[in-house]
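Have a look at the structure below before the remarks.
The values are calculated or read from the model by the stated rules, or taken from the named source; none is laboratory data. Remember, it's a predicted structure, so these values are computed and weren't measured experimentally. Cβ atoms come from the backbone with ideal geometry, glycine included; neighbour counts cover every protein chain shown. Accessible surface is based on the protein model in full, side chains and every heavy atom, while ligands, DNA and RNA are left aside. Shrake-Rupley method; radii C 1.70, N 1.55, O 1.52, S 1.80 Å.
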Amino acid sequence: MTAGGSGDETSPGSGDSRPADPDATRAIPRQSGARSAPDDAQRHAKAERHAEAQRHAEAHTGTADARPAGRAPTWLPRQPGAGAPTRPDATGTGRVVPEADSVDAPAAGEFSASGEFSAPGEASAPGGAAETAAASTHGASATDGTGAPGEAPAGDGDLPVGAGGAPGGGGPQRRRLRYRWLVGGGALVFAVVVGLVGWVGVRGLMARTQLDEARSRIAALQQQALAGHLPSDADLHAQVAAIGQRARAARSLTADPVWSAFGRLPWAGCPLRSAAGLVRAVDTMAGTGLPAVADLGGTLNPSRLRQEMTIDVAALAAARAPARRAAAALDTLRAAAERTPVCGWTGRVSGVDDARAELIHRGATLSGALDNVALAARIGPDMLGAAGRRRYLLVVQNPAESRANGGIIGGYGLLTAENGTLSLDGISGNGSLPGGPTQASSTANLPAPFAARYGSFWPDRVWANANLTPDYPTAGRLYTGLYRAGTGIEVDGTISVDPTTLSYLLAGSRPAVLPGGQVVTANNLVDLVESKVYDQVPTVDGRDRFFAQVGQAVYASVVAGGDTTRLLTGLAKAAREGRLTVSSNHADEQDELSSTALGGALPTGSGPYLAVVTQNASASKLDYWLRRQTTYRVQRMPGGAGAVTIVIRLTSVAPDHLSDYVRNREDEARPDGNPTGQNNIWLSVYTGRDSLFAGARLDGQPIGLAVGSENGLPVVSTYLPIDRGQTRTLEIKVLEPRAGPALAVRPQPLPVPERLDVQGVLVTSPWSRRVRN
């Protein structure tokens, strides 16, 4: 190729624009205003600049695509995300050329081909006009499609445009398109998320509606079951089917993939996971447990279960299988509800945590009711004489002279059960106890630990002291031995009740009428036999006959009819309060009873425990006027132990007109009797296994207490004289090896229930709620 004044003769679009002279490859193209170089170098530089300007124009106008076939382009348009374009330099070797290099005008100055620095605007040497013109052509904007000069380049932001005007780089048009894509895609994602949230919300509302309907039906059925007013078999099964339908609908609404996906979200997904778990639990209960409950309803309908004093033992036996299924379903329900997470703020706002707590509470209530049914179905038929006659010693206790599980024996009788038919004979007061108030010799062998605590009171010989222990199975064995020694009759067990239990029976039947016409009702029975009788009947023999008459009249009222449901409800309430206890001399039955409130056994498990026991130590009847208040506070310590403070306040509210018999002080002989009505109480406090006694104060002053144990439970004891109108305060410090999770509290049946305040820990029953089937 030859260079001339007209510039480079290379065809436009040529892929080979390198000069023929190899030395020119080392030259840097002169910029406008630079000093002149040798002529040959100038010509080559001029040609190179002209070719470069031509290529630049072709790239901007699309004429670069008109190159002859088979020749490669000198540089490629930048692709989205690519680096700077690459084009051959003066030697033909590729170098990365920044976008600004497409304009040859220097920004602040440049080196010439000779190596000298040229400042902007510096005059060129003679002969530089052509170079200046060429440089101007190189530095000008690209021509349009006809080769006419266009406007000056916009700068770095403008990128080459290929054929058809398609973007060839990352300029404003490209960025605007990318922005539109981002905005459009974001809007689409937002719309999808909003739609999914709405889907979950709508389905959640629908599921809640279905679940609320199921819960309300379950609550209504529970109330009917607890009240004993069950509907007909057909209606009962229809109600159960309706509950199951609602539960299945709620489960289907909370089991779709969208709900499951949202449930996996941290924090916000917790209520969804918890709700789905609760719905599954209710659905499982509705599918397995409630049909069993419906079967129980038909089997144990109170209107058919009892006819006067006969119990349908065959119906009880038939209830074993459905009771087992229902109990297992309730266990599953409670376990599933307890496994669902507590969601904190989101759970409170959504109501899921409240629903969880309600489900657990309702499950516990139903479990308690089913436990009673399961117990009756398991041991009821045999205890009611289905396999042969059974006889039980019935003991009526008198809490006016308190004992650990009620009061001293005030009356007794012999209850016989044969094939479900009950009869009560020999109802008498404690003035005619078999063998007398005190037996001539021991009637039972006392284990050494038991004898160490109670042996000096002769519980194996004295009827009034047989129930000093709060462990009723032990008291039952002692009663059995005393009755055997006095009558020669071997009984199958014992049943203990108090006047409050008799009042519950009167509430379910009708008032009792005594031989003289006096009417005894549920409202006045307790006050009559625990207090007023000592003013109305002055002699011991007269009171003995009166107690026997009250017992016979109450029995006659129950036999005459009454509402079976209310009778059963009253007996269940008495058992929960410790006023009704039963022992059996058949080992398998006693094992079942010991795990329930009806059995009244001391617990065998570990964990925090509290039993406050007050017992009369003066043979008076002043305990009817005794009021008790107990406060239990626990402070959790490192390692899980609990620092416990127990405060017991005992107050005597006895009036000043009581008879000498009521104010008796047999423990302390006084010439003037007991004019101030001072009571003497043996107070004992039982705590959890392995707990440690850490000190006590009585009325603010340090005091020493007797320390012992019973059935593995630590117990501290002291005697407290209490004057009329006086309050004695005993504060005890105990270290429990475990502070929770719950405190098992055993109630003592008193004329007026104690006020109990527990702080820092939940309260539960000391007996297992589960009965084997």
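Structural remarks
- Candidate set: the range 303-319, residues that are surrounded by 18 or more Cβ atoms within 10 Å (Cβ to Cβ) and part of a helix (DSSP H, G or I); chosen: the one modelled with the highest pLDDT: V313
- Of the numbered criteria (1) β-branched (V, I, T); (2) under 17 Å from N711 (Cβ atoms); (3) in contact with a helix residue (DSSP H, G or I) (Cβ under 6 Å, 6 or more places away or on another chain); (4) open to solvent by 10 Å² or more (accessible area, probe 1.4 Å), the one V653 fails is (2).
- Residues located in the range 621-650, provided they are open to solvent by 30 Å² or more (accessible area, probe 1.4 Å) and among the β-branched types (V, I, T): none
- G605 of a type outside the set (D, E, K, R), in contact with a helix residue (DSSP H, G or I) (Cβ under 9 Å, 6 or more places away or on another chain) and closer than 30 Å to I495 by Cα: no
- Residue list for the range 735-750, filter: part of a loop (DSSP other than H, G, I, E, B) and either in contact with a Ser or Thr (Cβ under 8 Å, 6 or more places away or on another chain) or surrounded by fewer than 17 Cβ atoms within 10 Å (Cβ to Cβ) (or both): P737, R738, G740, P741, Q748, P749, L750
- Within the range 593-620, tally of residues that are more than 30 Å from the chain's Cα centre (by Cα) and open to solvent by 20 Å² or more (accessible area, probe 1.4 Å): 2
- Scanning the range 361-378 for residues that are at pLDDT 75 or above and open to solvent by 10 Å² or more (accessible area, probe 1.4 Å) turns up V373, L375, A376, R378.
- Under the condition of being more than 30 Å from S618 (Cα to Cα), in a strand (DSSP E or B) and of a type in the set (A, V, I, L, M), the residues counted in the range 386-431 number 4.
- Checked against (1) among the charged types (D, E, K, R); (2) open to solvent by 10 Å² or more (accessible area, probe 1.4 Å); (3) modelled with pLDDT of 90 or more, D563 passes all but condition (3).
- Taking the numbered list (1) part of a helix (DSSP H, G or I); (2) open to solvent by 50 Å² or more (accessible area, probe 1.4 Å) in turn, S441 passes all entries but (1).
- Count of residues meeting criterion [within 24 Å of D425 (Cβ to Cβ) and not aliphatic (A, V, I, L, M)] in the range 522-562: 14
- Scan of the range 573-588 for residues that are under 22 Å from R306 (Cα atoms) and either hydroxyl-bearing (S, T, Y) or open to solvent by less than 30 Å² (accessible area, probe 1.4 Å) (or both), ordered by number: A574, A575, L580, T581, V582
- Restricted to strands (runs of 3 or more DSSP E) entirely inside the range 537-653, those with at least 3 residues that are in contact (Cβ under 8 Å) with a residue 40 or more places away in the chain and closer than 20 Å to L683 by Cβ are 609-616, 626-636, 642-652.
- The number of residues in the range 683-734 being small (G, A, S), surrounded by fewer than 15 Cβ atoms within 10 Å (Cβ to Cβ), touching a residue at least 40 places away in the same chain (Cβ under 8 Å) and in a loop (DSSP other than H, G, I, E, B) comes to 2.
- Odd one out for G712 among (1) under 23 Å from A404 (Cβ atoms); (2) modelled with pLDDT of 95 or more: (2)
- The combined condition, being among the charged types (D, E, K, R), out of contact with any strand residue (DSSP E or B) (no Cβ under 9 Å at 6 or more places or on another chain) and open to solvent by 30 Å² or more (accessible area, probe 1.4 Å), is not fulfilled by R477.
- Residue match in the range 541-555 (condition: open to solvent by less than 30 Å² (accessible area, probe 1.4 Å), among the charged types (D, E, K, R) and under 17 Å from A400 (Cα atoms)): yes
- Picking from residues in the range 493-530 that are among the charged types (D, E, K, R) and either without any contact (Cβ under 8 Å) to a residue 24 or more places away in the chain or in contact with a Phe, Trp or Tyr (Cβ under 6 Å, 6 or more places away or on another chain) (or both), the one that is surrounded by the fewest Cβ atoms within 10 Å (Cβ to Cβ) is D527.
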